[in-house]
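Down below is the structure, laid out as structure tokens.
The values are calculated or read from the model by the stated rules, or taken from the named source; none is laboratory data. Because the structure is predicted, anything quoted here is derived from the model rather than measured. Don't worry about glycine lacking a Cβ; one is built from the backbone with ideal geometry, like all the others, and counts go over all protein chains shown. Just the protein is used for accessible areas: all its heavy atoms, side chains included, with ligands, DNA and RNA removed. Shrake-Rupley method; radii C 1.70, N 1.55, O 1.52, S 1.80 Å.
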Amino acid sequence: RYLKMMAAMQPMGIIYTNNPSPGFQQQVKELAERIPLVVINNRDTSMAVDAVELNNSKPGRLMARHLLELGHKRVGFISPPLTRRQQQRFKRVEGFVKEFQEAGYGDSVFVKAADEDMDRRMPSVDSEYKIGYELTRELLQEHEGLTAIAGLNDMIALGIMDALAEAKLRVPTDVSVVGCDNILFARMRTISLTTIEHFVPLKGRDACDIIMKKIHSRSAVEEELQPTSIYHVEYEPKLIIRGTTAYARK
């Protein structure tokens, strides 16, 4: 519906902030031929459009490597629904699990994802926090001896921390917690969440810069001399170590 609306509105540029699903990729490509369009997405080499990207398996691997270096071998991972339409989530979990598999501890990683119907409801401000909180309570009942739990994002990690506090487990003395996104709350001293920074504001800025370049190139030269270019910008994620991770308890 929104793609059809864009064709009618004829905006000067479009920022598309998720991976176009396979059924709409051709439509997005055709739209990009007429209107400067930048996709902010998980890295997808099959899409020949301007893109600001993140290889979402890399944050997962960084999270796992940090925990492995601290001696954590029995860990949990909590995620929103892992559906085909949510490739960025799947890639992050996949990267985390693969890092543990390559270290020889693949059987001691326990992934717990919310039910698919979560994605069919209108999300509320605390939807992801509730996922972290409720699934951590279930995870603790199902698996004993966990020394670390990772959340797909920081809001989930905050829910994890509250569920651990309710279970009288100290962070990071008893259980380490790591998130991803480096949101404002993660930086607060009372929380001090270990997380992954992947430069979301910079991606938005770069998307705007690319659109402005395309607008300028289309208006500055004759049509037959317009350059054909595809911009791909990819950021490397960065581990931010704070107070919620420590060496695994013996």
Condition met for Val97 (assigned to a helix (DSSP H, G or I) and at pLDDT 95 or above): yes
Just the residues that are closer than 16 Å to Pro172 by Cβ, in contact with a helix residue (DSSP H, G or I) (Cβ under 6 Å, 6 or more places away or on another chain) and not in a loop (DSSP other than H, G, I, E, B), please, taken from region 192-203. Thr195
With respect to Ile241, is the statement that it is of a type in the set (A, V, I, L, M) and open to solvent by less than 20 Å² (accessible area, probe 1.4 Å) true? no
Tell me which residues, restricted to region 18-47, are in a loop (DSSP other than H, G, I, E, B), within 26 Å of the chain's Cα centre (by Cα) and modelled with pLDDT of 85 or more. Pro36
Does Arg92 count as surrounded by fewer than 21 Cβ atoms within 10 Å (Cβ to Cβ), modelled with pLDDT under 95 and under 14 Å from the mean Cα position of the chain (by Cα)? no
Among the strands (runs of 3 or more DSSP E) contained in region 102-191, which hold 3 or more residues that are open to solvent by 10 Å² or more (accessible area, probe 1.4 Å) and under 18 Å from His72 (Cα atoms)? 109-113
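To keep it simple, each residue is scored yes or no on (1) of a type outside the set (Phe, Trp, Tyr); (2) at pLDDT 95 or above.
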site: Asp162; (1), (2): yes, yes
site: Val177; (1), (2): yes, yes
site: Ile196; (1), (2): yes, yes
site: Phe199; (1), (2): no, no
site: Leu202; (1), (2): yes, no
site: Asp206; (1), (2): yes, no
Here are some residues: Val75, Val38. Which one is in contact with a Phe, Trp or Tyr (Cβ under 9 Å, 6 or more places away or on another chain), touching a residue at least 24 places away in the same chain (Cβ under 8 Å), more than 29 Å from Gly159 (Cβ to Cβ) and of a type in the set (A, V, I, L, M)? Val38
Of all the residues that make up region 51-85, how many are closer than 22 Å to Gly23 by Cβ, crowded, with 21+ Cβ neighbours inside 10 Å and not aliphatic (A, V, I, L, M)? 2
